Structures are given as structure tokens and as C-alpha cells.
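The values are calculated or read from the model by the stated rules, or taken from the named source; none is laboratory data. All values reported here derive from a predicted model rather than from experimental measurement. Because the Cβ atoms are built from the backbone with ideal geometry, glycine has one as well, and the counts that use them run over all protein chains shown. Heavy atoms of the whole protein, side chains included, go into the accessibility calculation; ligands, DNA and RNA do not. Shrake-Rupley method; radii C 1.70, N 1.55, O 1.52, S 1.80 Å.
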Amino acid sequence: HPLPVTTITSATGPDCELHSKSFQTPADPGSSFNWSVSPSSRGTVSTGQGTSNVSVDWLTAGAATIAVTGTNNTTGCNSSSTFPLTVNPSPKPSFTACFDVVTTPGARKFVLRGATPWVPGSGVFSGNRVSYNTANSQYEFDPSGAPAGSYPVTYTYTNTYGCDAAASPVT
């Protein structure tokens, strides 16, 4: 009866505060796995406890360690591993419209402004009728021909760690 293999691997991409990340050990149907995060205030195992695959919800930025103990269900013998990492801070973008939020279906496209931080290539506006104009390198809203109604526009920013966050939408 071999000991469970508890080598921890991580899904690709950064570990970001307020995001989830998957971790795993080699599958072993004859074993159960107990996962933990240290310090516990840094994150929580949200799904998969007891299995070889878990998802961790990161709560705060800083140094953290994922730990797993695998237990052979027949013998009760166990093995453990740890995986140190750094949880990167997520950005805190904001979006306050610096344009008239009321328009008509016959109006021209207008540039979306008022998002911070604004770093070209790191911020993206999205929503129905939003497009990126390559000629002026700006995001625009096109009301031309739109039926009357509300159109939420969201600004999402990705920081140097690869962590992203969206500001509250402007309608």
C-alpha cells in the first residue's frame, strides 16, 4: 500500500486577491486529501476538499502556503506537501462617466472617458455597442440606430501582476 503522492501543482496564471485558483495533486482513488491555506485569512478552499483537485478563493494579497495531506484509505498512512506562493493584489478601478450618459439613436459615436487607472493596453471597456477604434486607439460607444433603452458599459483593468478587476458599470 503506497503512500499517496502529494506533489502540488497550480493552474496557469497569477494568484490574485479576490479571484479563484485551482490546485491539484495526482489523482489517487484509494486516498483522500485534506487541503488548507496558511494564513487562513489569506484564502479559503472553496471546492474539492477531500479530493485531489481544489479551488481556492484568495481573499487578501501577500505570502501564502497551500498544504495538502493525503491519507491512504486502506492503511491510514499519510504524506504531506506544501506549496508557497504570493497572492498578488487586484486593482481597484473606478469609472465615472466623463461624457453625457443620455443620447439619441441618431447621435455619433463618442469616446468613453472617466476610467482610472487608465493605462493604454491595460484597460478595456465592454458592453453592447462598445467598440475599439484602432484609428484613434480609443474605446467608443455607438448610439447610431440603437433602440431606446439602457446600455451598461463596464471598465476592466489588468495590473502589472496580471490581476484584473471591473469597476461598477456606467449605464
*For segment 100-118, name all the residues that are hydrophobic (A, V, I, L, M, F, W, C) and either part of a strand (DSSP E or B) or loosely packed, with under 12 Cβ neighbours inside 10 Å (or both).*
VAL101, VAL102, PHE110, VAL111, ALA115
*Is it true that THR103 is hydroxyl-bearing (Ser, Thr, Tyr), without any contact (Cβ under 8 Å) to a residue 24 or more places away in the chain and in contact with a Pro (Cβ under 7 Å, 6 or more places away or on another chain)?*
no
*Given (1) surrounded by fewer than 13 Cβ atoms within 10 Å (Cβ to Cβ); (2) outside any strand (DSSP E or B), where does ALA63 come up short, assuming only one miss?*
(2)
_Selection within segment 89-99 - under 29 Å from ALA61 (Cβ atoms) and in a loop (DSSP other than H, G, I, E, B)_ = PRO89, SER90, PRO91, LYS92, PRO93, THR96
_open to solvent by 70 Å² or more (accessible area, probe 1.4 Å) and modelled with pLDDT under 95: is that true of ALA148 in this structure?_
yes
*Taking the residues in segment 122-145 that are at pLDDT 95 or above and at positive phi as candidates, determine which candidate is most open to solvent (accessible area, probe 1.4 Å).*
ARG129
*Filter segment 10-33 down to residues that are closer than 19 Å to LEU85 by Cβ and among the polar types (S, T, N, Q) and give me whichever is least open to solvent (accessible area, probe 1.4 Å).*
THR25
*Of these, THR7, THR86, THR44, which one is more than 30 Å from TRP118 (Cβ to Cβ), part of a strand (DSSP E or B) and open to solvent by 20 Å² or more (accessible area, probe 1.4 Å)?*
THR44
